[in-house]
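The values are calculated or read from the model by the stated rules, or taken from the named source; none is laboratory data. Only a predicted model underlies this, so the values are computations on that prediction, with no experimental measurement involved. Don't worry about glycine lacking a Cβ; one is built from the backbone with ideal geometry, like all the others, and counts go over all protein chains shown.
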Amino acid sequence: MQSVAVICEYNPFHNGHICLFKEIRRSFPGHVIISVMSGNTVQRGEFAIQHKYVRAMNALLNGTDLVFELPFPFSVSSAEQFANAGVFIAHALKAEILAFGSESGDLERLKKATENLNSDNFLSEMEKQLKSISNEPFISIRERTYEKLFGEKLFNGGNDILALEYLKHIKKYNDISPYAIHRTEPFSATAARSAIYENNKDDIRCIIPENTVFGEIHKGLKGLSSLVLGYLRLTPSYDNGNGIRNAIKYAAEKSVDYEGFICSLPTKTYTLSRLRREIIAMIFAVTDADKNAVPQYTVLLGANETGLKYLSEKKKEIFLPVLTKKADAKSLSKQGTNQLKKAELVDSIYSIGLSREGVGYFRTPIIL
């Protein structure tokens, strides 16, 4: 059996994801669709709006065959670190193709831009620029430097930015090929989250599939504001020149509520997503080394009959531990055990935002 992997978040699952699945089925009939999905933290630096098993259920109900977890801290890291971990898991699961949405839909231009971004000329110039500029977001410096060197604008759509990172990391492996899917549909996760939070039933009907399982809705960092501010205030100051973390700590000490805290963060220097990712990293003691590693395990969140057949056929080829319960973790390396411990702690805190006791990192995989 052959397979197509999708690195995703489904935060929440919406009709745009159905369009993605339809295009994959059209282009690769008979292939198994593997979703490598963020757990309960997501790349925009937040807790997921729905629990990972609820989101896995919705993906299975609407077209995927398998859902595996992209675990913490990789799910809440930079685009490069997120892509590195996701591509590694897809490769480990023996996917032949990595499909991804793209605002441009131009795979050849994306490949050329990836080459340019990783050229010695560009990397050298970026190093100079980053040393001389300290109060501008990295992404802005990168876009300006790229245009200066190559005479054209760099892709700036969220999907294309991730696509550049996917292409960079795919080059490490000879057995996985990229496939860009041109996104022309109007659906977005941002609009879907807004509709859910505002309980806008008309927008929900328009954006989200009818058969969606909602479960409890998590309010994110805002819903854990006292915990977040309290912890950041207790964090010792950083004396190694870590400007972003000291700025976050200072803002927490001067704020009495979450809204005021967010408004006082240095968003002219750092993007809000970057700041939120750093907040979560501070709370859970995540280092750059943690985020630059590769996952030592993944978790099977759900499967249908086709997905189970694929797992049975490929079980001797899959080289990454696939966990379904706590007992499976006994075989993990020391690094894997440490990764899992932090991920379990994150899920325990996540459950507070659902107004329930900690339910544990593992549940029985959803089987359709």
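Values computed for the structure shown
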| read-out | value |
| --- | --- |
| Criterion (β-branched (V, I, T), touching a Lys or Arg at 6+ places or on another chain (Cβ under 7 Å) and farther than 25 Å from F13 by Cα) met by exactly one of T287, T235 | T235 |
| Residue that is buried (at least 20 other Cβ atoms within 10 Å of the Cβ), in contact (Cβ under 8 Å) with a residue 24 or more places away in the chain and of a type in the set (K, R), where the choices are K22, K52 | K52 |
| Yes/no for S124 being at pLDDT below 95 and either among the hydroxyl-bearing types (S, T, Y) or touching a Ser or Thr at 6+ places or on another chain (Cβ under 7 Å) (or both) | no |
| Matching entry among Y173, Y179 (being outside any strand (DSSP E or B), under 30 Å from N118 (Cα atoms) and hydroxyl-bearing (S, T, Y)) | Y173 |
| Segment 287-305 - residue that is surrounded by fewer than 18 Cβ atoms within 10 Å (Cβ to Cβ) and part of a helix (DSSP H, G or I) and, of those, nearest to the chain's Cα centre (by Cα) | N292 |
| Residue that is touching a helix residue (DSSP H, G or I) at 6+ places or on another chain (Cβ under 8 Å), among the aromatic types (F, W, Y) and buried (at least 19 other Cβ atoms within 10 Å of the Cβ), where the choices are Y270, Y238 | Y270 |
| Any hit, segment 125-139, residues being exposed (fewer than 15 other Cβ atoms within 10 Å of the Cβ), free of Cβ contacts under 8 Å to residues at least 40 places away in the same chain and either of a type in the set (V, I, T) or in contact with a strand residue (DSSP E or B) (Cβ under 6 Å, 6 or more places away or on another chain) (or both) | yes |
| Helices (runs of 4 or more DSSP H) completely within segment 18-119 that count 1 or more residues being within 13 Å of the chain's Cα centre (by Cα) | 52-61, 79-92 |
| Test: residue in segment 311-331 that is free of Cβ contacts under 8 Å to residues at least 60 places away in the same chain, surrounded by fewer than 17 Cβ atoms within 10 Å (Cβ to Cβ), small (G, A, S) and in a loop (DSSP other than H, G, I, E, B) | no |
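A quick yes/no check of all residues on (1) out of contact with any strand residue (DSSP E or B) (no Cβ under 6 Å at 6 or more places or on another chain); (2) surrounded by 18 or more Cβ atoms within 10 Å (Cβ to Cβ); (3) in a loop (DSSP other than H, G, I, E, B); (4) not assigned by TED's automatic domain parsing to the domain that holds I34:
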| residue | (1), (2), (3), (4) |
| --- | --- |
| A285 | yes, no, yes, yes |
| L308 | yes, no, no, no |
| Q339 | yes, yes, no, no |
| S348 | yes, no, no, no |
